[in-house]
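The values are calculated or read from the model by the stated rules, or taken from the named source; none is laboratory data. Quick caveat: nothing in here was measured; it's all calculated off a predicted structure. In this analysis, Cβ positions are derived from the backbone assuming ideal geometry, glycine residues included, and neighbour counts consider all displayed protein chains. Surface accessibility is based on the protein's heavy atoms, side chains included, excluding ligands, DNA and RNA. Shrake-Rupley method; radii C 1.70, N 1.55, O 1.52, S 1.80 Å.
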Amino acid sequence: MKTGASLPNVTFRTRVRDEAVGGPNPYRWQDMTTADYFASKRVVLFSLPGAFTPTCSTYQLPGFENGFGDFQAQGIDAIYCMSVNDSFVMNKWAEAQGLKNVAVIPDGSGEFTRKMGMLVDKDNLGFGMRSWRYAAIVNDGKIEAWFEEPGLMDNCPEDPYGVSSPETVLNWLVATNSEIAA
C-alpha cells in the first residue's frame, strides 16, 4: 500500500454482544464495512499474523492498548487491530487481553488483507494464509502513513517486528505534529 491510497471496501462479519440474545453466549452477527470503521476518523490500524501469538500478545497489542492516551493526544480517534482470524477468535483474544481501548477487526476470510496486498502464506508455521505485519495511520479511509515490516514474503522464516510497533507509529505522529505546529 502507498500513502494516499484508499482502503479497500470490504464487509467484515463480526459478532457483537447483545444481552437480548440471552444465554451464556449473548452475541449476534453484525456486518461492519470499511466505512463503518474508517469514515470521518483518524485512526491507527495495525495488522498482525494471528491472535494469541507471542509477539502480537506480548508486545504489539498491549503497546497500542496501553499507549492509547498518547495516541489520542496526537489526534488519533481510534486504534484497530486486524488479523486474519474469525470474530469468535478475535473476541476471545480481546477478552483475554482485557482490551478497553483497542477494537479488534476480524478479517476471517482475509479479503481485506488480500486487497491490501498483505496476505502471505505461513504454511511453514501451520498458519495457512495470514497477514504480514504492518501498521497505518488512516485518515477518513485514506492512508496517511504506512509502516510495513521488511521482507514481505510467503513462508518467511522470521517474524520481523519493529517498524509497525506502537513506539514507531507514535514517534512518527509526534514528529509530524511537531512539524505542522512549527
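Quick notes
- The selection criterion, being in a strand (DSSP E or B) and out of contact with any Ser or Thr (no Cβ under 7 Å at 6 or more places or on another chain), does not hold for Cys56.
- Arg133, sole failed condition from (1) of a type in the set (D, E, K, R); (2) under 14 Å from the mean Cα position of the chain (by Cα); (3) open to solvent by 40 Å² or more (accessible area, probe 1.4 Å): (3)
- Members of the range 99-140 that are without any contact (Cβ under 8 Å) to a residue 24 or more places away in the chain and on the phi > 0 side of the Ramachandran plot: Gly126, Gly128
- Picking from residues in the range 61-76 that are of a type in the set (Gly, Ala, Ser) and in a loop (DSSP other than H, G, I, E, B), the one that is surrounded by the most Cβ atoms within 10 Å (Cβ to Cβ) is Gly67.
- Scanning the range 85-105 for residues that are within 17 Å of Pro49 (Cβ to Cβ) and of a type in the set (Asp, Glu) yields a single hit, Asp86.
- None of Glu144, Glu167, Glu95, Glu179 is more than 14 Å from the chain's Cα centre (by Cα), over 30 Å from Pro26 (Cβ atoms), surrounded by fewer than 19 Cβ atoms within 10 Å (Cβ to Cβ) and free of Cβ contacts under 8 Å to residues at least 12 places away in the same chain except Glu179.
- Subset of the range 98-130 that is open to solvent by 70 Å² or more (accessible area, probe 1.4 Å) and aliphatic (A, V, I, L, M) - its residue that is farthest from Leu170 (Cα to Cα): Leu125
Here is a yes/no grid of residues against (1) of a type in the set (D, E, K, R); (2) closer than 22 Å to Arg42 by Cα:
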| position | (1), (2) |
| --- | --- |
| Phe112 | no, yes |
| Gly117 | no, yes |
| Asp123 | yes, no |
| Gly126 | no, no |
| Glu148 | yes, yes |
| Leu152 | no, no |
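- Of everything in the range 1-60 that is of a type in the set (D, E, K, R) and in contact with an Asp or Glu (Cβ under 6 Å, 6 or more places away or on another chain), the residue that is most open to solvent (accessible area, probe 1.4 Å) is Arg28.
- Scanning the range 77-92 for residues that are under 28 Å from Val174 (Cα atoms), open to solvent by less than 10 Å² (accessible area, probe 1.4 Å) and either out of contact with any Leu (no Cβ under 9 Å at 6 or more places or on another chain) or small (Gly, Ala, Ser) (or both) yields a total of 1.
- Flag for Ile79 being in a strand (DSSP E or B), in contact with a Phe, Trp or Tyr (Cβ under 8 Å, 6 or more places away or on another chain) and closer than 30 Å to Ser178 by Cα: yes
- Residues that are among the β-branched types (Val, Ile, Thr), in contact with a Cys (Cβ under 7 Å, 6 or more places away or on another chain) and closer than 20 Å to Asn66 by Cα number at least 1 in the following strands (runs of 3 or more DSSP E) confined to the range 102-176: 102-106.
Residue-by-condition table, conditions (1) among the hydroxyl-bearing types (Ser, Thr, Tyr); (2) under 20 Å from Phe12 (Cβ atoms):
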| position | (1), (2) |
| --- | --- |
| Lys41 | no, yes |
| Tyr59 | yes, no |
| Gly63 | no, no |
| Gln72 | no, no |
| Phe88 | no, yes |
| Ala96 | no, no |
| Ser109 | yes, yes |
| Gly126 | no, no |
